[in-house]
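Student: Okay, handing you the structure first.
Read the figures in this text as sums done on the coordinates, not as results from a lab. Please read these numbers as outputs of a predicted model, since none were measured by experiment. All Cβ positions, glycine included, derive from the backbone under ideal geometry; neighbour counts span all protein chains shown.
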Amino acid sequence: MRATLVGILVAVGVLAGGAAAPAQTRVSPVDQIIARCPTSAEVAGIQARTPVTFDATVLGGPLVCTAAAGSADLNAVQMRTFQSLLVLNELRFSQPLPWTPLTLGDWFAHAIRGVKVSNLPFGTGGFCCDPAGVIVVGNPGILDISRFVDPARNWNGPVQAMLETLVHEARHAEGPVHQCPPDDNTISEYGAWGVQYAFNAWVALFSGSFMTSPDIHPAAYRNTALARAGVWRQHGCLSEFADLEMRATDSPDPVVTGGTLTHSATVTNLGPGQADGVLFYEDVPAGTRVTSVTAGQGVCTPPAEANFGAVGCRLGSLAVGASTRVTIKFKVTARAGSVLRNATPETQGILPGAVAISEEREPRTDRARANHIVALETTVKAKPKPKPKKKKKPRR
Ligand SMILES: [Zn+2]
């Protein structure tokens, strides 16, 4: 408990000093929510939408937020629960969610009658429902993190896992059950695993700059979400297998400062099944600004800030053997001698570069696991020196 409290104080200190700090030490918008006590109005707003109760196993312990300080009287479990629900309500996506026309927060509030937080056995994130419509969640790791995900914990984070659990169990509350336990029939029917898959994919591709984590690496949270989407899509027992292959090029390489860099990616379905819900993701290389994104089919969303974020595309379906192309043009702002990368060393262990995924399962081969991810590096050189001009005659 004590360690948690100290952690929170440190995080708040970072925030307080963050306003005037240079860009690379900015705290991500999502982490700003996790670093502070929710206000009393925020707690009341959540309780009005989705009543939250805490059973005796998680009550007690020191208060970390107090009504006297403008919040509510909350222990650490309560604070993290409300922070997680605030994040869920704040998330906005530039493309509609595939299973509902509502925002994530509105869908969640409609799907359930309440949330009960309990100290569930390790390995049980939650279940549905007790009583009917009330989802029960209890992530034991929720206390010891003050970030959305945590590099020190192999990039998985309890707040992120809490959101996945809330989304998964809320889908059960709407009715869908695992058709072939523990799996759904398919990911594309958007049962509990399907929405968990899509939640992560949408966080990675379409959450704008909300999940940008400049003090780790801008793409750290998005890449983690994309990796988790890749895990959950394996939970469709009747899902077809489809092996997406992506080939991507950068041109020209080297590119000049101020010039245009083009990334061209071709996504092909090698089969054996049709690929549906094909998605494309690429993080914008530092030192560039996106000027255009085009796709052979489907729709693409450029990053919220042209020089900071991710390009996300919904490419639709690809029959076996079919392919489509995504072309992204960047204006190069980096100095000569820089190297432009769509992946960075810190995140290469997670999911680097440009990535294509679909709702189908991957064939279980090393090749299938790697052939839809491409890291690109481009060297920046100086503009050619202008040809020597004739000296102008001085004006008189
Ligand atoms: Zn389930």
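Student: What ranking, highest mean first, results for peptides 355-363, 300-308 when packing means the other Cβ atoms within 10 Å averaged over each residue?
Tutor: Values: 355-363: 24.4, 300-308: 17.3.
Descending packing order for the listed peptides: 355-363, 300-308.
Student: For the pair Ala69 and Leu102, what calculated FRET efficiency results from E = 1/(1 + (r/R0)^6), where r is the Cβ-Cβ distance and R0 = 22 Å, to the nearest 0.05?
Tutor: For Leu102 and Ala69, the calculated efficiency is 0.05.
Student: Within a Cβ distance under 9 Å of His372, other residues only, what is the Lys/Arg minus Asp/Glu net charge?
Tutor: So the environment of His372 carries a net charge of -2.
Student: Also, quick follow-up: Cα axis of helix 220-232 to longest principal axis of the chain: angle in degrees, 0 to 90, nearest 10?
Tutor: 70
Student: Could you calculate the contour length gain from Arg367 to Thr327, that is, 0.36 nm times the residue separation minus the distance between their Cα atoms, to one decimal place in nm?
Tutor: Difference between extended and current length: 12.0 nm.
Student: Over the stretch 242-381, what is the relative contact order in whole percent, taking alpha-carbon pairs under 8 Å and six or more residues apart?
Tutor: Value for the stretch 242-381: 35 percent.
Student: Using only the alpha-carbon atoms, how far is helix 192-206 inclined from the longest principal axis of the chain? Give it as 0 to 90 degrees, nearest 10.
Tutor: So the inclination is approximately 40 degrees.
Student: In nm, to one decimal, how far is the Arg92 label point from the Leu59 one, both placed 7 Å along Cα→Cβ?
Tutor: That separation, rounded to one decimal, is 3.8 nm.
Student: By how many nm would the segment from Ala132 to Thr379 grow when fully extended, if each residue of separation counts as 0.36 nm and the alpha-carbon distance is taken off? Please report the intermediate quantities before stating the final value.
Tutor: On the way: separation 247, 0.36 × 247 = 88.92 nm, distance 5.86 nm.
Working it through step by step, the gained length comes to 83.1 nm.
Student: Express the relative contact order of the chain as a whole percentage, based on alpha carbon pairs under 8 Å and six or more residues apart in sequence.
Tutor: 13
Student: Starting from the Cα gyration tensor of the stretch 246-339, take the square roots of the eigenvalues, sort them a ≥ b ≥ c, and report rounded, prolate or oblate (rounded when a/c is under 1.5, otherwise prolate if a/b is larger than b/c, else oblate).
Tutor: Cα axes put the stretch 246-339 in the prolate bin.
Student: If I model a spin label at Val256 and Arg335 as a point 7 Å from the Cα along the Cα→Cβ vector, what separation in nanometres do I get?
Tutor: The two pseudo-label positions are separated by 1.9 nm.
Student: Also: Which of the peptides 57-69, 273-285 is most tightly packed, and how do the rest follow, going by the mean number of other Cβ atoms within 10 Å of each residue? Numbers along the way, then the final one.
Tutor: Working: 57-69: 14.2, 273-285: 23.8.
The densest-packed peptide leads the list: 273-285, 57-69.
Student: Please determine, in degrees from 0 to 90 and to the nearest 10, the orientation of helix 2-16 with respect to the longest principal axis defined by the Cα atoms of the chain, where the helix direction is its Cα long axis.
Tutor: Orientation of helix 2-16: about 40 degrees from the principal axis.
Student: Quick check: from the Cα gyration tensor, does the stretch 193-245 come out rounded (a/c under 1.5), prolate or oblate?
Tutor: Note, shape of the stretch 193-245 comes out prolate.
Student: Of Ser94, Thr53, Leu74, which is farthest towards the positive pole of the stretch 40-117's charge dipole, taken about the Cα centre with +1 and -1 on the beta-carbons of Lys, Arg and Asp, Glu respectively?
Tutor: Going by the Cα projections, it comes out as Ser94.
Student: Tell me the mean residue ellipticity at 222 nm calculated for the chain from its helices only (DSSP H runs of n ≥ 4, each -39500 (n - 2.57), averaged over every residue, nearest 500). Before the final figure, lay out each step's value.
Tutor: Details: 9 runs with 104 residues, N = 396.
So the helix-based figure for the chain works out to -8000 deg cm²/dmol.
Student: Can I ask one more? Only four residue types carry charge here, +1 at the Cβ of Lys and Arg and -1 at the Cβ of Asp and Glu. Report the dipole size of the stretch 242-381 about the Cα centre in Debye, rounded to the nearest 20.
Tutor: Value, rounded to 20: 380 debye.
Student: Right, next: Assuming a ≥ b ≥ c are the square roots of the Cα gyration tensor eigenvalues, decide whether the chain counts as rounded (a/c under 1.5), prolate (otherwise, with a/b larger than b/c) or oblate.
Tutor: Values: a/c = 2.49, a/b = 1.38, b/c = 1.81.
The shape class here is oblate.
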